[in-house]
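For reference, the structure discussed in these notes is given below.
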Amino acid sequence: MDVRQSIHSDHAKQLDTAGLRREFLIEKIFETDRYTMTYSHIDRIIVGGIKPVNTTVLIGDEVGKQLGVSYFLERRELGVINIGGPGVIVVDGHPYEIDHEEALYVGKGASRIEFSSVDTLRPAKFYYNSAPAHTHYPNKKITLAEASSQTLGDHATSNYRTINKFIVPDVLPTCQLTMGLTKLAEGNLWNTMPCHTHERRMEVYFYFDMDEETAVFHMMGQPQETRHLLVHNEQAVISPSWSIHAGVGTKRYTFIWGMVGENQVFGDMDHLAITDLR
């Protein structure tokens, strides 16, 4: 488990490129036949990926020991979105078939979770977020058709995109975790601009569906102290509540967002004018 401490906004101003990448960028999400796991002190979110190819991957009791509990989801909930080939997630003996761009919510208290691929030549890639939870809500698979979808932006401003909200109150109840997948239309480059912060929620962006030679310039920092991270395919950025989070790519891309914090109101954002950014 890779542990990231909270970083104060004043501290972040002093970091160089290497320092920003060390604190906020998750460079490796998927490794064959194992899970990756990054624990952030910012709202206690856990971020990672699972790529089963030759064997089933089990998140075992060793994670619980690192969290000070008996097992991973003893006091947590989990959201998973599959960006690879068809896969199966078995939760306490109950199998869920999760295809490409489908999601699964797993409620607090699930003790055994196993991940496998249907086709080793086209393995599943399960990207997940986990947040502390105070009560149990039922496990639920969410297809793309069942997600709450919204199209925003404009081709003229290069931010025409469809937001597919998989794990949000309109679709199913959770304690605090929300997740969705945003897909930019061909020829569009900005994931959000004008940008915003959310003082009441942190967010993690996971960028994928990118060619090897392309990149996203992920904008972060306070509105008057902006910085950027250069992000490549299948990498993620931890965004504190004091930071903006917007990105522009050298080519279109897709990203998964996950939020944890005080509320689950998607529109609770502190919008910023482009003319006020520095």
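What follows is calculated from the coordinates using simple rules that are stated; it is not laboratory data. In this text the structure is predicted, and so the values were computed from the model without any measurement. Positions of Cβ are backbone-derived with ideal geometry, glycine not excepted, and every protein chain shown enters the neighbour counts.
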For Ala18 paired with Asn263, estimate the spin-label separation in nm (one decimal), with each label point 7 Å from Cα along the Cα-to-Cβ line.
-> 4.2 nm
Residues whose modelled amide H sits under 5 Å from the amide H of Ile98, counting only those 5 or more places away in sequence or on another chain, are Gly87, Val88, Ile89
Net +/- balance of residues flanking Arg4 in space, Cβ distance below 15 Å, scoring K and R +1, D and E -1 | -1
For Val3 and Glu213, extending 7 Å from Cα along the Cα-Cβ vector and measuring point to point gives, in nm, a value of 4.3 nm
Between Ser70 and Glu31, how many nm apart are label points set 7 Å from Cα along the C-beta direction?
-> 2.9 nm
Which lysines, on any chain, are close to Lys141 with Cα under 21 Å apart, when same-chain ones fewer than 8 places away are left out?
-> Lys51, Lys108, Lys125, Lys165, Lys183
In order over the range 246-256: 3J(HN,Hα) from phi, Karplus 6.51/-1.76/1.60, θ = phi - 60°, whole Hz, x for each Gly or Pro, gives 8, x, 10, x, 7, 7, 4, 7, 10, 8, 10
Return the long-range amide H neighbours of Glu74 (sequence gap of 5 or more, or a different chain), with a cut-off of under 5 Å between placed amide H atoms.
-> Gly109
Residue-wise HN-Hα coupling along the range 160-168, computed from phi with Karplus coefficients 6.51, -1.76, 1.60 (Hz; x: Gly, Pro) | 6, 8, 10, 9, 9, 8, 7, 10, 9
Amide H contacts of Cys195 (H built 1.01 Å from N, under 5 Å, at least 5 apart or other chain) | Leu272
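For every other residue with a beta carbon closer than 12 angstrom to the beta carbon of Val90, add +1 if it is Lys or Arg and -1 if Asp or Glu, then tell me the sum.
Result for the neighbourhood of Val90: -2.
From the helices alone, meaning DSSP H stretches of at least four residues, give me the mean residue ellipticity at 222 nm for the chain, per-run term -39500 (n - 2.57), in deg cm²/dmol to the nearest 500.
Values: 3 runs with 19 residues, N = 278.
That calculation yields -1500 deg cm²/dmol at 222 nm.
Around Tyr137, with a cut-off of 9 angstrom between Cβ atoms, what is the net charge of the other residues, counting Lys and Arg +1 and Asp and Glu -1? Numbers along the way, then the final one.
Numbers: positive: Lys108, Lys140; negative: Glu77.
Net charge around Tyr137: +1.
What does DSSP give for the chain in terms of the percent of beta bridges that are antiparallel, rounded to the nearest 5? Please report the intermediate quantities before stating the final value.
Values: 82 of 86 bridges.
Given both bridge residues lie in the chain, the antiparallel proportion sits at roughly 95 percent.
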